[in-house]
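Data block below; observations after.
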Amino acid sequence: MAEYVKVDYRAVYRLPANVSFDEGQNFVNIACALRGFKKIPLPLGDTVAIFGPGNIGLIMLQLLKSAGVKETVVVGTRDFRLDMARVFGAMHLVNVKREDPVKAILGWYPGGVDIVIEASGNPSSFQSGCHVVRAKGILVSLGIFSGKLREFDLSFLYEREPVIIGSKGGDGAYPEALRLLEEKRLNITAMITHRFPLEETAEGFKTFEDKSQNALRILIEPCA
């Protein structure tokens, strides 16, 4: 949030000529999602459940759909984000304020799903993901957790032998993230919900914190 910033040149990437600033502002999150995506062993499988339809969760949804995953469940707390997940190809939506995600997912897929993506940072979502991953399935944790679980039954590790993968940051995925933007393989601008001029930056933060504003991606535009 400074007027000037000094950055090592090795950490700076030039946007391709055909990539707008509206697309480029999401470059880091694309790399973060892509790094987690590339950790998933092949073959990917046909079913996935994504907990957390925020920015990274919706990018991951697009990556998985483009890689051939056929059936996707997206779990969240806000309908407008779930509706956006539908636009990006989600087959099933679960609002945890109205239904139990574990019961809903196992109702559609009694044996569990091939892949679980935890992108919400909510410990209870991680726990739910452990309940719905199939035997020898994959659970990728992308979220930064905001709390702890007091009780957690670990017997599923023995019973179903899942592979649990943690992923932090976008190290190693930045060049490919640029290529995805350059080739227009991701829908990025649809996730921009609000814009504010530089002098209204504080209002932008208030809007992000106010869940009634249906904010997903807020841009601060320094120039008119």
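Numbers for the structure displayed
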{"item": "Over region 60-131, equivalent-ellipsoid semi-axes from the Cα gyration tensor in Å", "result": "17, 15, 12"}
{"item": "Least to most buried among GLU23, GLU151, GLU199 (fewest other Cβ within 10 Å first)", "result": "GLU151, GLU199, GLU23"}
{"item": "Cross-link pairs beyond the 27 Å C-alpha cut-off, checked among LYS65/LYS148; LYS39/LYS211; LYS39/LYS184; LYS103/LYS168; LYS39/LYS97", "result": "LYS65/LYS148; LYS39/LYS211; LYS103/LYS168; LYS39/LYS97"}
{"item": "Whole-angstrom gap from region 134-182 to region 8-55, using each part's C-alpha centre", "result": "15"}
{"item": "Simple label model, 7 Å out from Cα along Cβ direction - LEU106 to LYS148, nm", "result": "2.7"}
{"item": "Test item: Cα-centred dipole of the chain, Lys/Arg +1 and Asp/Glu -1 on Cβ, debye", "result": "400"}
{"item": "Least to most buried among ASP83, ASP210, ASP8, ASP114 (fewest other Cβ within 10 Å first)", "result": "ASP8, ASP210, ASP83, ASP114"}
{"item": "Taking MET1, MET191, MET84, MET91 and counting other C-beta atoms within 10 Å, the order from fewest to most", "result": "MET1, MET91, MET191, MET84"}
{"item": "Of LEU42, LEU186, LEU63, the one that fluctuates the most in a GNM where the chain has Cα springs shorter than 10 Å", "result": "LEU42"}
{"item": "Max mean-square fluctuation residue, GNM over the chain, Cα-Cα springs under 10 Å, options ASN26, ASN18, ASN122", "result": "ASN18"}
{"item": "Rel. contact order, % - alpha carbon contacts under 8 angstrom, at least six apart, the chain", "result": "21"}
{"item": "Mean ellipticity per residue at 222 nm, deg cm²/dmol - from DSSP H runs of n ≥ 4 across the chain, formula -39500 (n - 2.57)", "result": "-10000 deg cm²/dmol"}
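Read-outs throughout are calculated quantities, based only on the coordinates presented, and are distinct from any laboratory measurement. Just so you know, these numbers come straight off a predicted model, no measurement behind them. Please note: Cβ atoms are built from the backbone with ideal geometry, for glycine as well, and neighbour counts cover all protein chains shown.
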